1. Which residue, of B:Glu369, B:Glu421, is in contact with an Asp or Glu (Cβ under 9 Å, 6 or more places away or on another chain), within 14 Å of another protein chain (Cβ to nearest Cβ) and of a type in the set (D, E, K, R)?
2. Of all residues in segment A:249-265 being without any contact (Cβ under 8 Å) to a residue 40 or more places away in the chain and open to solvent by less than 10 Å² (accessible area, probe 1.4 Å), which is farthest from the ligand (Cβ to nearest atom)?
3. Under 7 Å between Cβ atoms, which residue pairs at least 6 apart in sequence (or on different chains) link something in segment A:147-165 that is more than 7 Å from every other protein chain (Cβ to nearest Cβ) and at pLDDT 80 or above with a partner that is part of a helix (DSSP H, G or I) and open to solvent by 10 Å² or more (accessible area, probe 1.4 Å)?
4. Restricting to segment B:356-382, count the residues that are open to solvent by 30 Å² or more (accessible area, probe 1.4 Å) and touching a residue at least 60 places away in the same chain (Cβ under 8 Å).
5. Identify all residues within segment B:490-502 that are under 19 Å from B:Glu689 (Cβ atoms) and open to solvent by 30 Å² or more (accessible area, probe 1.4 Å); write none if there are none.
6. For segment B:451-489, give me each residue that is of a type in the set (A, V, I, L, M), more than 22 Å from B:Lys370 (Cα to Cα) and open to solvent by 20 Å² or more (accessible area, probe 1.4 Å).
7. If you go through segment A:78-117 one residue at a time, how many are more than 14 Å from chain B (Cβ to nearest Cβ), charged (D, E, K, R) and in contact with a helix residue (DSSP H, G or I) (Cβ under 9 Å, 6 or more places away or on another chain)?
8. State which residue is least open to solvent (accessible area, probe 1.4 Å) when the search covers only segment A:187-224 and only residues that are basic (Lys, Arg) and more than 8 Å from chain B (Cβ to nearest Cβ).
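The values are calculated or read from the model by the stated rules, or taken from the named source; none is laboratory data. From a predicted model like this one, the values you see are computed outputs, not experimental measurements. Every residue, glycine as well, gets a Cβ built from its backbone with ideal geometry; the counts of neighbours run over all protein chains shown. Side chains included, ligands, DNA and RNA excluded: accessible areas come from the protein's heavy atoms. Shrake-Rupley method; radii C 1.70, N 1.55, O 1.52, S 1.80 Å.
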Amino acid sequence: MVRLQEEVRRLEAETLALLAKTDTLDGIRDLKVKVLGKKGTLTALLRQMGSLPPQERPLMGQIVNEARNKLEQAWNERERLLEERILQERLEGERVDVTLPGFRFPEGHLHPLSQIIEEIEDIFLGMGFEIAEGPEIETDYYNFEALNLPKEHPARDMQDSFYISEEILLRSQTSPVQIRTMERQHPRLPVKIIAPGKVYRKDDDATHSPMFHQVEGLFVDRGIRMSDLKGVLLNFSRQMFGADREIRLRPSFFPFTEPSAEVDVSCMLCGGAGCRVCKGTGWLEILGSGMVHPKVLAMGGYDPREVTGFAFGMGAERVAMLKYGIEDMRLMFDNDLRFLRQF
Amino acid sequence: MKVSLEWLRELVEVRQDAADLADTLTNGGIEVGSVDDLNAGLAQVVIGVIQQLDRHPNSEKLWLCLVNTGEKSFSVVTGAGNLRKGDKVPLALPGAELPNGVSIQASKLRGVLSEGMLCSAEELLLETTVGAKRSAGGILILAPEAPVGEKLAAYLGLDHHVLDLELYPNRPDCLAMVNVAREVSSLTGEKTHLPKWADTTQLPRLPFSEDIRVVIDEPDLCRRYAGLLVDDVKIAPSPDWMRRRLSAAGVRPINNIVDITNYVMLELGQPLHAFDWETIEGAVHVRRAQAGEKLVTLDKAERSLDPDMLLIADDRKALGLAGVMGGLESEVTAKTRKILVESAHFAPVSIRRTGRRLGLRSEAANRFEKGVNPYGCLAALGRVSELLVRLGAGQPLALVDEVGRLPGPRQVIFTARRTAEVLGFAVSERDLRLVLDRLGFPFKLEGDEFRVEIPSYRMDLEIEEDIIEEAARLLGYGRISATQPRGGQTEGRRTEQQEFRRRLRHVLVGAGMDEVTTYSFVRAEADAAWGSAEDAVALLNPLREEQGVMRTSLIPGLLEVANRNVSRHNLDVSVFEIGNVYLADQPDRPLRRLPRESLRVAGLAAGKSKRHWLTSPYVHDFFYLKGIVEKMARELRLSFVFRPARDEPLLHPGRSADIYLGETKVGVLGEIHPAVAKEWAPERGVVFELEVDPLFRQAGMRLKARSVPRYPGVQRDLAVVVPREVPAVKVRERILELGGELLQEAEIFDVYTGQPIPEDHRSLAFSLHYLSPERTLTDEEVNALNVRIIEGIQQDFDAEWRKE
Ligand SMILES: [Zn+2]
């Protein structure tokens, strides 16, 4: 019994020492089989218990079991330790440089004018305006005459147009869409549209392009007032240029509106204090507008004694230039990818 | 219109300074483009007296002067030799920026410090006549009484600002100083002090002559023709005050007669012309020119006339182009003793046509085109007559006045109620009385109706709304507050077509393309090559030749963008544009109706994707761009069919496809033909172009959802070796046919040529997806289907197969 007992102790000590020296999971598994397995050394000692007198057997069993438990516990601990170490090593080995760039999805870019026009559209859609369209190549009638600009009218000189024939030209403004829409919609009320699109004039410098984009607006109904024009444009300006914008109307002249007004928006760059962009005035001229001229209402089929309306127009390029700080309008038609990819 | 403030102050009380007045006018609707300080360049030029004059110690050609300005003496070096001790001279102090652009610094000249510069008249942009005779060719020598220490500008009375009015076409009345004065008075409430002659109803006190006969043949083109006969004409320079005002207005002084006509034109807005009376034979006729008639105009050019041009003529010959330019023969010269001053009204139409046809511009023509008050003719002659006498330039003898067809008086009726309704703020009758009083318009109030007599000089006022604008202007646009329109809510939304176009744009951006915007007009040859020459619409007056026709294809514009970018080393291009093409759609030229505008989408790719450490770059080739077109189709729920392109000579014959929607060709896709690539495009550029509207009509905007399959599908790979000329799409179609309804999808995932595949064959590998909605498929049935497919393909295409 004492011999056996010593052997168990020795085995236990040897095994613990061996376990501490074994560095691999496979190694400790082998060791476990060798000691604790069915044919293991400790199991073999247990079998020898049969040779002991019966009264010693329980004590011996207890000793062996204690050793077994102790070894299993040590073994589990060792296994945990090794697993942890292995995991640590793996994690260490899998370390990446997180500062390297990720997978590159190609990104495209909407042209700044498309973005501006979409934004303007969305604001007016939100105010219940619909989007109307008209041809870019127009008749003299729609582009001028129906807008109270008869032939030989001096105001025709305000715009130098591109002609296709004596009676057909590239529209110099989006205003012909006013007439086309009224004709199409007559006699339904209200007529409440914006008309974005390309227009053409014979100008070419840093602030003029022979092709540019206008957004026209028209609202005809019973009892429309000039103050409504101001309300709608104030709402637009705040959504477009910032909630703290103010607007002011100044007398102006357009053949198709009476009274006419230039609409200035308080400068979004200096907040109205005056800067280089607003030439120190604190105001930026952004829209032309006015009450629809009675002759134009009549040309569209509406009775100017029954309805009134307002109209406005703005250049999308000008809005884009202000909003994005673009200095030269020609950049927008130059289509240099380094320019376009900023948007 | 350049308005000298010094001149304006004679006609109206002005309490504001130039900048404030400019604001008032601009806010009142008369836009002031700029305010010029005419003596800005003279700000640091003062009058000094020469106290001492010595030779420069180091130079034969220079002088050293001691110049006193009252408080201080300056040592100044000068090269001019016309000075004497005691002369009063203009001294530019250090820091001065002279009118001719020269800036003055204290600096050493040949070793001697010069504390400023003595100036010549030329350097100050002044007339030499302002100084003594000795000034010629040297320093300006002022009169002995010139006050030492005073600023030169103040002494010479040059102390004034000029407002440059940018007039809208409805306000030609403000091309006259008196009407600008009226406008200032209306806007500021200050009094005008207009002399009698400013009142068009006052007739000059002169007899009407029997000797001068005027015959107006065209009463619609010449509404009035008045003339003033002047004897004892003495041509001389006009006085300084007149020359100064003319110069400030941008008119070059010439001699007293010309200056008086120009002066009165600026004052009253009435263009005038003086004829040498001795050259006129018989009556003065206002008639159309005869075809082929000739006239040498004042600018010494011989003009060939036609019957659309209105002439002033005598019984025998043409004297001048009515309202545009006089003739050389009847020009007033130094020898002229007797003149006829013409003050007439010509219709804008005739003036415009004449000017256009002859390419001739003049101040008179410009004014007649914009509109001149037909009632102002006689008043202008009255003023001319007064000035002639005052300047001793001639003796007015008699008037002539022949009336063509004058417009009648205008009355406009308006009410406070309607004014308030249109403007959206409360307007009282008192407000309107104030407005009309300020405007100086006579009116009667009947009931609630204001009946307003419109003065003849306000040619722009015709209807009620015109007067409402006047009221708004004078009461101030600031009184208009922001209101919300009354009436019901309306719903604003894009039409399905507008929404489709917007999505199309976003899909392409989502595919990594950059949107471009190019001009709608392009070079004719480029358009003819890529578009349709017979449908092209040409501009009559293009800005430049390379913008001569309206595009019939978007591709030339994209090629230009690509070339420009490649030339700037932006080599990797993937761009698109959505825009109209313009198709004549009719054989007639000039067009008899509007061309058809058709929306297209086009794309161009060249170069390759960005280099990246994770992936190798993919080339922007045929299949890249085809992939984008396919992505577009998937996202917009369209199904395109690609067939080898026919009839696309500018595209690579083996790498181009026609794009079909069903049986309709809607576009094309392909690599640019290498033979034309040098001329048109970056190397190996690929393009596509599609009609948008057919896509919209086909697009399945409304989605019908399907539920998720209940049973798992089975995935199988399969490769077939087929002759190279067999299109992949045919093999795929046949596979789908053979697979029957259980075969859901067959996608090509590999294409292989080379060993061990025979040279004229290629291997196509498909990934097949089998699925039954009713049960889980067994391996056996799927295997049987695979075998059926392989055998079928083998049979149809003479294909061998191999299992992956
Ligand atoms: Zn600013």
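1. Values: B:Glu421 fails: in contact with an Asp or Glu (Cβ under 9 Å, 6 or more places away or on another chain).
Matching residue, one of B:Glu369, B:Glu421: B:Glu369.
2. A:Pro259
3. A:Asn148/A:Lys295; A:Leu149/A:Arg156
4. Qualifying residue count, segment B:356-382: 3.
5. Quick first cut of segment B:490-502, residues under 19 Å from B:Glu689 (Cβ atoms) only: B:500-501.
Hit for segment B:490-502 is B:Arg501, nothing else.
6. B:Leu474, B:Leu475, B:Ala482
7. Residues in segment A:78-117 being more than 14 Å from chain B (Cβ to nearest Cβ), charged (D, E, K, R) and in contact with a helix residue (DSSP H, G or I) (Cβ under 9 Å, 6 or more places away or on another chain): 3 in total.
8. Pass one, segment A:187-224, residues basic (Lys, Arg): A:188, A:192, A:198, A:201-202, A:222.
Within this subset, residues satisfying the condition of being more than 8 Å from chain B (Cβ to nearest Cβ) are A:188, A:201.
Details: A:Arg188: 151, A:Arg201: 47 Å².
So, considering only residues that are basic (Lys, Arg) and more than 8 Å from chain B (Cβ to nearest Cβ), the one least open to solvent (accessible area, probe 1.4 Å) is A:Arg201.
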